[in-house]
Number of protein chains: 2
Amino acid sequence: MFNVKSKMNSGFGNLQGGLFSKIEKADVGDGVAKLLSSGVDILGWADPFFPDPSIPEKVKKVMISALEEGKVSHYSLPIGRPELRAEIAKKISRQTGLDINPSRNVIVTPGSDSGLLYALMPFISEGDEVLVPKPSYPSNFLNPKLLGGKTVEVPLYDEDNYAFRIDEFEKRVTSRTKVVLITHPNNPTTTVFRKENLIKLCDFVKKHDLILVSDQAFEDHIFDGIEFVSPATIEGMWERTLTVCSISKGIGLSGFRIGYIYASDEIMEVLYGGAVNVLGAASTLSSIGAEAIINDVEYLDEVFEKLERRRDLVNEVFKDTPGISFRPSESGILTWINVSKLGKSDDIANYLLKEANVLVNSGVPYGMEGYLRIVTACIADDDKARAVFEKMRNAFIKKYYELK
Amino acid sequence: MFNVKSKMNSGFGNLQGGLFSKIEKADVGDGVAKLLSSGVDILGWADPFFPDPSIPEKVKKVMISALEEGKVSHYSLPIGRPELRAEIAKKISRQTGLDINPSRNVIVTPGSDSGLLYALMPFISEGDEVLVPKPSYPSNFLNPKLLGGKTVEVPLYDEDNYAFRIDEFEKRVTSRTKVVLITHPNNPTTTVFRKENLIKLCDFVKKHDLILVSDQAFEDHIFDGIEFVSPATIEGMWERTLTVCSISKGIGLSGFRIGYIYASDEIMEVLYGGAVNVLGAASTLSSIGAEAIINDVEYLDEVFEKLERRRDLVNEVFKDTPGISFRPSESGILTWINVSKLGKSDDIANYLLKEANVLVNSGVPYGMEGYLRIVTACIADDDKARAVFEKMRNAFIKKYYELK
């Protein structure tokens, strides 16, 4: 009997989560499609306002007009349409103050997931190590392994509000360490790493002559006036940092599949060189849509207000709920809730699905037992969202009293 | 001075073709954008009817309606929308007779370029070897190296009409050989590998217990009644073959970025498991457009007729042109021309750009000095295409008499 897994490298050969795995991955396979059609509220899909309409009129207009013209059947450049790169450069400069050349420092990726892998690819040879803070986005733990490397988890602590502890990094650095891979603001915790904390991390990166990959998918919406610093702007970091971004979380256009990486000319030389092979190109029509909106500050402010209002709604509904605890989100579209008094993450997630008809994410794939990740910006209408949150609160309360 | 290349693996560290390379890659960077705006006819972009409108009305209609509804802002599943996978399964069954389960044997990729790399990724560890016939699609030579493997070129010969010579494969197989990677029909030569020839190749693959990756981007249009056989249908090959396809070349929707891989459940288990990490997802709106057309046999026949007429036009115009020789294309949208009597590939490509204002591909990146690859299905209108071909013919003739 032919065993195809015996032909595979260890990264893929050990993959969990596919067809035959016992692990149910909500965001792979047909699971979500089935749940949606059965009326479950999906708060486990990091996609603002899902599943409701959320394309700005202006974007619809330019895309419909491009469709009618009929030329978006054709490829855009593998590194990204020049018009889109120009808008992205403008966005980066607006957000960071960096002077970005759209033909030398920006590459478009078909979503930030492929961007995240691509940012790592050039730096990993078999056995190389990548330091990944934990909790983090699950792909950050898996990606180094898919490339033949090794993931070295570096714990963050709830009591620190999940800031970096540099001594935990120092303890784990070896001669094989190549990259530090962070998600900033962090997913699932929404933590915005503070400037002083980032400077210390960057000192560590420079001291050990490493590369930093910074996943900034959630950078567009930072609450409570917290200062957001892109590590590429920190002294000595530009030449060793790849910053991976997207228009999914910030602008609410996940389905368009437009992400981007910014980096130095020397790094981009290589990313441009492999663009056809690794990325192909982004959708031409999506690119045209993205061009129209990513620097529309008025629209972005509108999204920000919606997300801030949602954040406040979450705090209002879940405040003082017995059995759970959480911090107000610092950024984006998520809420990270400690449910350890009620049970294990997976059990409580399953309980919510049955009791409240709501799908949320267990904290386990993010690296933390006892927590849930809730995509609280799902569902466009605040009243509908409130009703779902209240169902969840009631379920938490019920569980709490059952256990008492 | 920080040298970022010293941090890279050999696959990426040696990449040519990016920002600072002397090699001008037409399909990367801003080169094409500049050429297009300067009025050059681009026949170097494997994109049927480029740059003219080519979206079927039916596709426009469903996409405009989806845009108006406003929900295509949201993610589709990382393995592909269920509706699209169902249509793809139907297409594969229609073309091959295979019984394809859309939830077990198909994964959607954002274009076939990322699909081609993904099909190789699980099988390559550092130092593993991939046999690649030459000439072939340039990515096939580079992809194994980007994954830490080694590309072993296996020559094909013009005098064989570029069929596989199995003894050339046998000479190069080692204990590190893992994969045979073919493009079928071949790009750039348009060769449809004949059934008997494929059976021999598959016997070789089975004998040495290898994996076959078959890039079938050009499979939709086969001329002169030549039988097209998908190697996955050959006995004993299903469990060891990954077939990589797209809607770019066949249906003329390159800019949509929709490709797909089909394979056994055991292989798909792994590709599904890494889908979020490697692929992300395809554009939701593009997926909806693709669903509407990929089994519309009437429309596909119409495209076929256009491409066949174009093939015949090429034969008519270039026939008996002194200094060049070529075979009528067996498939798709390309013509492969021997210009070795006129000069080196690069020189003749540059000459055509200056003399006839036409961009074509040098044969060198495809592995053959002395040849040009021309995307003869570019430009929608036959008369306009004829005019461009005639400019090229005149340039060939001029060169021929200059050299005499």
### Query
How far apart are the A:His208 label points across copies, placing each 7 Å from Cα toward Cβ, in nm, shortest first?
4.1
### Task
Tell me the chymotrypsin sites (Phe, Trp or Tyr not before Pro) within the stretch A:137-218 that lie in a loop according to DSSP and have at most 11 other beta-carbon atoms within 10 Å.
A:Tyr157
## Note on the structure
Taking R0 as 25 Å and r as the Cβ-Cβ distance between B:Glu369 and A:Glu126, the FRET efficiency 1/(1 + (r/R0)^6), rounded to the nearest 0.05, comes to 0.15
### Query
Once phi is turned into θ = phi - 60°, what whole-Hz ³J(HN,Hα) does the Karplus curve with 6.51, -1.76 and 1.60 give for every residue of the stretch B:395-404, x standing for Gly and Pro?
5, 4, 4, 4, 4, 4, 6, 4, 7, 5
## Note on the structure
Of the listed pairs A:Lys134/A:Lys404; A:Lys5/A:Lys178; A:Lys341/A:Lys391; A:Lys7/B:Lys90; A:Lys71/B:Lys91, those with alpha carbons more than 21 Å apart are A:Lys134/A:Lys404; A:Lys5/A:Lys178; A:Lys7/B:Lys90; A:Lys71/B:Lys91
### Task
Report, as an integer, the average count of C-beta atoms from other chains found within 10 Å of each Cβ along B:244-255.
3
### Query
What residues have an amide H closer than 5 Å to that of A:Leu359, excluding those fewer than 5 places away on the same chain, when H is modeled at 1.01 Å from N in the peptide plane?
A:Asp41, A:Ile42, A:Leu43
### Summary
So for R0 = 30 Å, FRET eff. of A:Glu83-A:Glu302 from the Cβ-Cβ r, to 0.05, ends up at 0.80
### Message
List, shortest first and in nm to one decimal, how far the label point of A:Ile226 (7 Å from Cα along Cα→Cβ) is from its counterparts in the other copies.
### Response
6.0
### Query
Of all DSSP beta bridges in chain B, what percent run antiparallel (nearest 5)?
45 percent
#### Entry: Protection proxy ranking, peptides B:317-324, B:258-265, average beta carbon neighbours within 10 Å, highest first
B:258-265, B:317-324
#### Entry: Amide H contacts of B:Lys134 (H built 1.01 Å from N, under 5 Å, at least 5 apart or other chain)
B:Val154, B:Leu156
#### Entry: Share, in percent, of DSSP beta bridges within the stretch A:74-295 that are antiparallel, nearest 5
30 percent
### Message
Out of all DSSP beta bridges in the protein assembly as shown, what portion is antiparallel? Express it as a percent rounded to 5.
### Response
45 percent
### Query
Sequence-distant or interchain residues sharing an amide H contact under 5 Å with A:Ala380, placed H: which?
A:Asp52
### Query
If Lys and Arg each add +1 and Asp and Glu each add -1, what is the summed charge of the other residues whose beta carbon sits under 9 Å from the beta carbon of B:Lys391?
-2
### Task
First select every other residue whose beta carbon is under 15 angstrom from the beta carbon of B:Leu147; then total the charges, Lys and Arg +1, Asp and Glu -1.
0
### Query
What is the projected area of the convex hull of the Cα atoms of the protein assembly as shown, averaged over all directions, in nm²?
32.8 nm²
### Query
When the Kirkwood hydrodynamic radius is evaluated over all pairs of different C-alpha atoms of chain A, what value in angstrom, to one decimal, is obtained?
22.0 Å
#### Entry: Average beta carbon contacts from partner chains per residue of A:32-39, 10 Å cutoff
2
### Message
With n ≥ 4 as the cut-off for DSSP H runs, can you work out [θ] at 222 nm for the protein assembly as shown, using -39500 (n - 2.57) per run divided by the number of residues, rounded to the nearest 500?
### Response
-12000 deg cm²/dmol
### Query
Averaged over all directions, how much area does the convex hull of the C-alpha atoms of the stretch A:74-295 cover when projected, in nm²?
11.3 nm²
### Query
Residues of A:144-153, mean number of Cβ from any other protein chain within 10 Å of their own Cβ, rounded to a whole number?
2
### Message
Going 7 Å from Cα along the Cα-Cβ axis for the label, what nanometre distances separate A:Ser37 from the same residue across the other copies?
### Response
4.7
### Query
So what are the ³J(HN,Hα) numbers for the stretch A:322-332, from phi and the Karplus equation (6.51, -1.76, 1.60; θ = phi - 60°), rounded to whole Hz, Gly and Pro as x?
x, x, 10, 8, 7, 9, x, 4, 8, 7, x
### Summary
Simple SL model, points at 7 angstrom along Cα→Cβ for B:Glu355 and B:Leu98; separation in nm is 4.5 nm
### Query
Summing Lys, Arg as +1 and Asp, Glu as -1, what charge do residues with Cβ under 11 Å from the Cβ of A:Gly255 carry, A:Gly255 excluded?
+2
### Query
Ordered by residue, what ³J(HN,Hα) values in Hz, to whole numbers, does the stretch A:238-255 give under the Karplus form 6.51 cos²θ - 1.76 cosθ + 1.60, where θ = phi - 60° and Gly and Pro are x?
3, 6, 10, 10, 10, 10, 10, 10, 7, 9, 6, 7, x, 10, x, 10, 4, x
### Longest segment of chain B lacking GluC sites (Glu not before Pro) that sit in a DSSP loop with at most 15 other Cβ atoms within 10 Å
B:25-226
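Quick note: the coordinates plus some simple rules give every number you see, no bench work behind them. All of these numbers come straight from a predicted model, not from anything done at the bench. No Cβ is skipped: glycine too gets one built from the backbone with ideal geometry, and neighbour counts run over all protein chains shown.
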